[in-house]
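One structure is given here, and the rest of the page talks about it.
The values are calculated or read from the model by the stated rules, or taken from the named source; none is laboratory data. Everything numeric in this text was worked out from a predicted model, so none of it was measured. Here the Cβ is made from the backbone with ideal geometry for all residues, glycine too, and neighbour counts use every protein chain on show.
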Amino acid sequence: MGQRILIIDDERSVHDVARAYLEREGYEVLSAMGGRDGLALAQAAQPALVVLDLMLPDLGGEQVCAELRRESDVAIVMLTAKSTEDDRIRGLDLGADDYLTKPFSPRELVARVRALLRRTGERRPATEQVLRFDGGRLCVDPERHLAVVEGQPVELTPSEFKLLLALARSPGRVFSRFELVNRVQGHDYDGYERTIDAHVKNLRRKLEPDAASPRYVQTVHGVGYRLATNGGP
């Protein structure tokens, strides 16, 4: 499977047509029907490019674009029913790399995706840096899927590592259980959000000096979880 493309659009027909043409060219295609799900899936799946509708029902495309750009340099193609020059310029100013006006030609979408990935591929770092916390006592290596505590590798399940990595990429930020379910299991996962509690319990058992008094993975009561930035409250 080729590079990963995420489509964020609330029109099923857009997903169906774009997926058919992009998969024919060898791309892996992921779908989200709303802005919040799209952001969660982008964080979890790390796509090479996002096709983003400007008009979304839950979270505006402009806001989604700004949030994506704050967190990464992922390539973004904006889809818009608005064809005025001001609307196009605004999307580009927010960080979109290209735009298409609806209705669009799926062949043109594929051509723009291919060209944009060619351009942006050179600007991306080859590897993601190791994330270090608490003076290096806790290290998270995204490329090797490895967590190290006090110099010793820790054996984590894939779900546990995804959860730790989501927290580690935004240290100090409080994530709700719903957000973490999206990052760990994907936006279409049907499981109950409390499954995150079980993963957190296991993470603490494996990472913490004292699981009963967490130094790293901390609970924010009534909200969710965060990774402490300096190994303390």
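Tabulated results
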{"read-out": "Sole exception among (1) assigned to a helix (DSSP H, G or I); (2) within 20 Å of GLY38 (Cβ to Cβ); (3) modelled with pLDDT of 90 or more for LYS206, by number", "value": "(2)"}
{"read-out": "Pick from region 30-83, criterion surrounded by fewer than 19 Cβ atoms within 10 Å (Cβ to Cβ) and hydroxyl-bearing (Ser, Thr, Tyr), ranking: nearest to LEU117 (Cα to Cα)", "value": "SER72"}
{"read-out": "Any hit, region 32-47, residues being under 18 Å from ARG183 (Cα atoms) and more than 12 Å from the chain's Cα centre (by Cα)", "value": "yes"}
{"read-out": "Helices (runs of 4 or more DSSP H) within region 84-186 that include 3 or more residues at pLDDT 90 or above and within 29 Å of GLU25 (Cα to Cα)", "value": "106-121"}
{"read-out": "Within region 1-29, considering residues that are within 19 Å of ARG114 (Cα to Cα) and hydroxyl-bearing (Ser, Thr, Tyr), the one farthest from the chain's Cα centre (by Cα)", "value": "TYR21"}
{"read-out": "Breaking point among (1) under 26 Å from ALA168 (Cα atoms); (2) touching a residue at least 24 places away in the same chain (Cβ under 8 Å), for ARG36", "value": "(2)"}
{"read-out": "Region 134-156 - residue that is touching a residue at least 40 places away in the same chain (Cβ under 8 Å) and closer than 22 Å to GLN46 by Cα and, of those, surrounded by the most Cβ atoms within 10 Å (Cβ to Cβ)", "value": "ALA147"}
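Results for (1) out of contact with any Leu (no Cβ under 9 Å at 6 or more places or on another chain); (2) hydrophobic (A, V, I, L, M, F, W, C); (3) more than 28 Å from VAL184 (Cβ to Cβ), shown as yes or no for each residue.
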{"residue": "ARG24", "(1), (2), (3)": "yes, no, yes"}
{"residue": "ALA32", "(1), (2), (3)": "no, yes, no"}
{"residue": "GLN43", "(1), (2), (3)": "yes, no, no"}
{"residue": "GLU67", "(1), (2), (3)": "no, no, no"}
{"residue": "GLY95", "(1), (2), (3)": "no, no, no"}
{"residue": "ASP98", "(1), (2), (3)": "no, no, yes"}
